[in-house]
Amino acid sequence: MEHNITLTIPNDPRYTPLAEKMIEEAARLAEIEENDIADIVQAARELVDNAIHHAYPRGMQGPIDLDIQLKPHGIQISVHDMGLPFDFDRYMASEREGGLKRIESYVDELRFSNLGQKGKSFTIFKSHPLNFEGVDYRPYSDLADESPASLKPASIQVRDFREGDEEAISRLIYNNYTYSYYKSLFYYPKKIRERNEKGEIASIVAETREGKIVGHFALVKVTDANIAEIGVAVVDPDYKGMGIMNAMLDRVQQKAKEMKLDAIFGEALMMHPFSQRANLRHGFGESALLLGIVPNSVSLTDPNAVQTDKRAAVLVGYKILNGVQERAIRLPSHYEALIRRIYANVGLEIRQTISSPEVGENRIGYELSPYTQSGTIVIDNVGEAFHHGIHQNLHRLYKKHVDMIYADINLMQCHRIDEVIGLLREEGFVFSGVLFYRRGQEDYLRLQLPNSDQIETREIVCHSDFCHELHRIILEELNEEASGDSVA
């Protein structure tokens, strides 16, 4: 959801603090990280100061218009005036330091618009940090029938990211999806380079003998965990069917091992079976079915795909890489058989610990994903009055008007886990699955609660028997909740 905030001030420096305060609060509303808020405020302040002191001839009064757009993926601020014309390209090509060049260093994008008789405007944009919930939901469907053996090493090289690849990657995204790609970060070459340099992304590219980038696949690191999601997978339309996607996925998995990641995971769109089959073929074990996490703006051109105008689901698959074969968890009596099957799916054994009835410390909070319009209650442990803590965070998410609410229960730390599950089920939550190595390397049982009538629950494509069973269980629980029946 987008919101616009506008402010018009005179070219008087006494009004600068007013504009600055509004920009700072708007950045918080847009949920920009605190470290980035300082940058966006500094950049906007300098644009406003420039307009106040330099836009109009000396002694002339004139308006300065601020337009702030809160977007799902960041914040955009435009500063407009009706003052003197300006040659932006000449300025940026000069060797002059500071000024607009300094402003550009604070943000992800700086644009200038010469509006002719309507004046001029400067626009800056700052994106959200990476969010593993907000990855690409486009299918890498050509994995379905590709064979790595069909790749010709003499003509195509699969390699790690190098500085200078970033523009070609952005253009590759554009050539596949124009500007409909859900992960807008990848339209900014500078951000691609920076995130690779910081290790937040590990991009793999396919390059022709002539130096053309024709494929991209990435590991997207998860915050506060030693795991990564596979995704952002695209191949130049002219080079599909050559085994490039599979070759890149092989390198992605090898790269994950070199990075000593504990696990990697993928989210397969459930409007067709292609990605699900590919994940199973490459050794991923199915662990969770997430309803409603795919925005209804996502559409597929494949005529064989299920078409829905509702928010679609994904099937999560994990591949454990660290050699660990056993995890110590507290098994709830409810869902015990399902949880055991999921651990077996990913190749892990369970060492059961006792869920203590003792009173501990409440560690309950929530996370918000603006990319997917979803929120998650995170329950690491509970003590006295935990009912209040869960209800409080649930109502906070209701007030955010998210379409899906998830509840992640720490299987390794949470006491009184059966009571927690019972309370959540009373609130309408149903089963989703298990997520591994999250938030400090913990495993979480995930439950889910649709908070909109625009959640697709039935038109879901499953490839494996386990997926079909998981879908059936979720539908039964949703139907039982709708009818008001209790479940033992």
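Please treat every number below as a calculation from the coordinates, not as lab data. For clarity, every value in this text was computed on a predicted model and none was experimentally measured. All Cβ positions, glycine included, derive from the backbone under ideal geometry; neighbour counts span all protein chains shown.
Round to a whole angstrom and tell me the spacing of the C-alpha centers of the stretch 23-57 and the stretch 359-390.
So the separation of the two Cα centres works out to 33 Å.
Put +1 on the Cβ of every Lys and Arg and -1 on every Asp and Glu Cβ in the chain; which of ILE473, HIS80, ALA26 then has its Cα farthest towards the positive end of the dipole?
HIS80
Here are several values of Cα extents along the principal axes in Å: [x] 78, 63, 40; [y] 80, 77, 47; [z] 158, 63, 42. Which one was derived from the coordinates shown?
Of the listed options [x] 78, 63, 40; [y] 80, 77, 47; [z] 158, 63, 42, [x] comes from this structure.
Rank ILE455, TYR371, ALA288 by how far each Cα sits towards the positive end of the charge dipole of the chain (+1 on Lys, Arg Cβ; -1 on Asp, Glu Cβ) and give me just the farthest.
Farthest along the dipole direction, towards plus: TYR371.
I want to check the label-to-label distance for LEU18 and ASN35. Put each point 7 Å from Cα in the C-beta direction and report it in nm to one decimal.
The answer from the label model is 3.5 nm.
Please list 3J(HN,Hα) in residue order for the stretch 15-26, calculated via the Karplus relation 6.51 cos²θ - 1.76 cosθ + 1.60 where θ = phi - 60°; whole Hz, with x for glycine and proline.
Coupling constants for the stretch 15-26: 8, 4, x, 4, 5, 4, 5, 5, 5, 4, 5, 5 Hz.
Could you calculate the contour length gain from ARG102 to GLU25, that is, 0.36 nm times the residue separation minus the distance between their Cα atoms, to one decimal place in nm?
Taking 0.36 nm per residue and subtracting the Cα distance, the gain is 25.5 nm.
Under 15 Å from the Cβ of HIS388, count the other residues' Cβ atoms, weight Lys and Arg +1, Asp and Glu -1, and hand me the total.
-2
Taking amide H positions as placed in the peptide plane 1.01 Å from N, state which residues far from GLU109 in sequence (5 or more) or on other chains have amide H under 5 Å from it.
PHE125
For the stretch 327-483, rounded, prolate or oblate, judged on the Cα gyration tensor with a ≥ b ≥ c (square roots of eigenvalues), a/c < 1.5 rounded, else prolate if a/b > b/c?
Taking the square roots of the gyration eigenvalues as a ≥ b ≥ c, the stretch 327-483 is oblate.
Cut-off is 10 Å between beta-carbons; in what order do THR8, THR308 appear when sorted fewest neighbours first?
THR8, THR308
Per 0.36 nm of contour for each residue apart, how much would the distance between ASP89 and GLU427 grow if the chain were fully extended, relative to their Cα-Cα spacing?
Residue separation times 0.36 nm, minus the Cα-Cα distance, leaves 115.9 nm.
Note down the magnitude of the dipole of the stretch 327-483 about its Cα centre, charges +1 on Lys and Arg C-beta and -1 on Asp and Glu C-beta and zero elsewhere, to the nearest 20 debye.
In debye, rounded to 20, the stretch 327-483 gives about 440.
Using the count of nearby Cβ atoms within 10 Å as a rough guide to exposure, how do LEU261, LEU423 rank from fewest to most?
Lowest count first: LEU423, LEU261.
So who's got an amide H within less than 5 Å of the one on GLY243, skipping anything under 5 residues away but keeping other chains? H placed 1.01 Å off N, in plane.
Those qualifying (amide H under 5 Å, at least 5 residues apart or on another chain) are SER147.
Pairing rule first: another cysteine's C-beta must sit under 4.7 Å. Under that rule, which cysteines of the chain stay single?
Singleton cysteines: CYS414.
Treat every Asp and Glu Cβ in the stretch 3-127 as -1 and every Lys and Arg Cβ as +1, leave all other atoms uncharged, and give the resulting dipole magnitude about the Cα centre to the nearest 20 debye.
Rounded to the nearest 20 debye, it is 460 debye.
Work out the length of the dipole vector of the chain about its Cα centre, built from +1 on the beta-carbon of each Lys and Arg and -1 on the beta-carbon of each Asp and Glu, and round it to the nearest 20 debye.
Charge dipole of the chain: 980 debye, to the nearest 20.
Around GLY365, with a cut-off of 12 angstrom between Cβ atoms, what is the net charge of the other residues, counting Lys and Arg +1 and Asp and Glu -1?
0
Taking a ≥ b ≥ c as the square roots of the Cα gyration tensor eigenvalues, with a/c under 1.5 meaning rounded and otherwise prolate when a/b beats b/c, else oblate, which class fits the stretch 3-111?
Oblate shape, in that a/c is at least 1.5 and b/c is the bigger or equal ratio.
Taking neighbour counts of Cβ atoms within 10 Å as a proxy for exposure, in what order, fewest first, do THR208, THR372, THR6 appear?
Least crowded to most crowded, the residues run THR6, THR208, THR372.
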